[in-house]
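What follows is a single structure, written as structure tokens, with notes after it.
Read-outs throughout are calculated quantities, based only on the coordinates presented, and are distinct from any laboratory measurement. Note that the structure is predicted; figures quoted are calculated from it, not measured. Cβ placement follows ideal geometry from the backbone for every residue including glycine, while neighbour counts extend to all protein chains displayed.
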Amino acid sequence: MTAIITFALGLGCCFLLARLCTSYRRLSSIPGPFAAKFTDLWRYRSQNSPGHIARLLQLHRKYGKLVRIGPNHISTSDPAAVPIVYSTNPIWRKGPSYYGAVPVSKNRPVPTIIGMGEAQHTAVRKSVGRAFTTNSLLDYEDSIEATGQDLIRVLSGQINAGTDMGMWLQFFAMDTLIRIAFSDSLGLLGKGEDIDGTLGAVMARFDHWGQWGAMPSADYVFNKSRLATALKGVGDSPLARVAQGMLQAREKDANKAAYKDLCSKFLEGQAKYPELVRQDEILGIIMSTIGAGADTTAGTLTYTLYFLSKHPAAKLSLVQEIEENLSAGTLSRTPKWAEVNRMVYLDAVLKESMRILPIASWGLDRVVPPSGATIAGHFLPGGTIVGCQIDAIQLDQDVYGKDSTAFRPGRWLEANEDQRRRMDRAFLAFSAGKRTCTGVHIAWLEMKKTLPLLLMNFDFDLVDPDQDVTNGIRVSAVKYPPPVPMRITKRIL
Ligand code: HEM
């Protein structure tokens, strides 16, 4: 008996060793941390401890444009890789790490846009894509304006107080998106706190993705399999409850044809193409849209105010642009899309903020098609997982200049046509290719309307001028800022 056990254990060890050797040899010419050549545990550990992105940047500085961060996983900092990895022909499918983004509600995984396979994604885009086009933007202006007024009202009660702007902007972004989706507000700004754990649920979803993205099989076994969900008793997510309630109210609303929000556009799209998207899938699509769009926009606006406070000259230039447009009558006190979309310095400020601190911490991983691909001079066999490391690419000195780590919005305006094209092509804050951020136009609309609104009413300064937000970023799939206490003073333009 002992001999059989010893033999079985020996066989198991040999099998494991053979697997480790095969894993190691597959991409052995690409440098990286020693442990990452054999196991995904290196990436799992790194993603679960503070400083993951700083670690990746350091690895790229040490090893160059390709770093092996898993047995079958490559991170690239090469801007030339962007059009290859996010090519539209052929489309490189998303990597397995996106499984981490699939939420579980009522004991089963919910389909979510970000984690969908290509065929389902194409069907969803055809059915509900109209809701995200530039032509639909004007339908959402009222929702952003109504929530903008709520924000101004609550901040007026915070004058001279050191208040966490990250928190207010998180309430604002969630209230805005619920209004864009359902023409109704959750009322987070009014209450000044999370309601029924809705925001907490969105954050928990990103945290889960950040924690488990490196180990999708373990995520399935421990969190998403039937057994795991039954043992844990995963119920409805608070966001699902809110969205479900509003969706049901809409279905019963006698006046439903009058709405122009995301919900009405999704329902219209579903009715037009019932063979592409089932009615019961609309809830998942709405939830994933709200989940993807709220904290990303809030964090980006928070970091932008932070950078402006750190760089008074940039803040002054933006305030001057706002002031000049107000005096010229080309900007209303309730900014309109047609007005703010012409403001070049505003555009440069937001881009520069997203360049230096892109909100996504997840890897934008894609799978190399079967024919293989050459990235940064290396041939990568089909099936290899490659992610363009956003932070590293957006700091590339050849593309953005020797001072690429500095916050300097002017670089976007000084660049000649060719340089600007290269800068835009390497700008990955919203990703690229077919699976680029679905809500990109809505995000621009919301941010370009809100930033001037805030700055024409208030001035913002960091309570601690030496605060470095990068020290407190949360371990998650999104770079959630730490509290950013700001002193707010009234500004009259
Ligand atoms: C500053 C704000 C935002 C940033 C920086 C941002 C960034 C991103 C990024 C990097 C992706 C990943 C794409 C990929 O996996 O390659 C993404 C996906 C997505 N975003 Fe955004 N986002 C923002 C706001 C929004 C808003 C406001 C919405 C909705 C109204 C939204 C909806 C989505 C959806 C549905 C996806 C999944 C797309 C897909 O997988 O095809 N996002 N976003």
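Some observations on this one:
- Filtering the range 385-409 to residues that are in a loop (DSSP other than H, G, I, E, B) and either in contact with a His (Cβ under 7 Å, 6 or more places away or on another chain) or surrounded by fewer than 22 Cβ atoms within 10 Å (Cβ to Cβ) (or both) leaves 389, 395, 396, 401, 402, 403, 404, 405, 406, 407, 408.
- Among (1) touching a residue at least 12 places away in the same chain (Cβ under 8 Å); (2) closer than 30 Å to residue 99 by Cβ; (3) part of a helix (DSSP H, G or I); (4) away from the ligand (no atom under 16 Å from the Cβ) - the single one residue 234 does not satisfy: (3)
- Filter pass, residue 360 being surrounded by fewer than 23 Cβ atoms within 10 Å (Cβ to Cβ), of a type in the set (A, V, I, L, M) and within 16 Å of the ligand (Cβ to nearest atom): yes
- Verdict on residue 410 being small (Gly, Ala, Ser), in contact (Cβ under 8 Å) with a residue 24 or more places away in the chain, in contact with a helix residue (DSSP H, G or I) (Cβ under 9 Å, 6 or more places away or on another chain) and away from the ligand (no atom under 16 Å from the Cβ): yes
Matching residues to (1) surrounded by fewer than 23 Cβ atoms within 10 Å (Cβ to Cβ); (2) assigned to a helix (DSSP H, G or I):
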residue: 257; (1), (2): yes, yes
residue: 269; (1), (2): yes, yes
residue: 274; (1), (2): yes, no
residue: 289; (1), (2): no, yes
residue: 292; (1), (2): no, yes
residue: 299; (1), (2): no, yes
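- Among (1) within 16 Å of the ligand (Cβ to nearest atom); (2) under 30 Å from residue 211 (Cβ atoms); (3) surrounded by fewer than 17 Cβ atoms within 10 Å (Cβ to Cβ) - the single one residue 424 does not satisfy: (2)
- Identity of the residue in the range 153-212, in contact with a strand residue (DSSP E or B) (Cβ under 6 Å, 6 or more places away or on another chain) and within 16 Å of the ligand (Cβ to nearest atom), that ends up farthest from residue 256 (Cα to Cα): 165
- Meeting the requirement of 1 or more residues that are more than 25 Å from residue 224 (Cα to Cα) and away from the ligand (no atom under 16 Å from the Cβ), the helices (runs of 4 or more DSSP H) wholly within the range 37-116 are 52-63.
- For residue 339: the one exception among (1) buried (at least 17 other Cβ atoms within 10 Å of the Cβ); (2) farther than 26 Å from residue 462 by Cα; (3) touching a residue at least 24 places away in the same chain (Cβ under 8 Å): (3)
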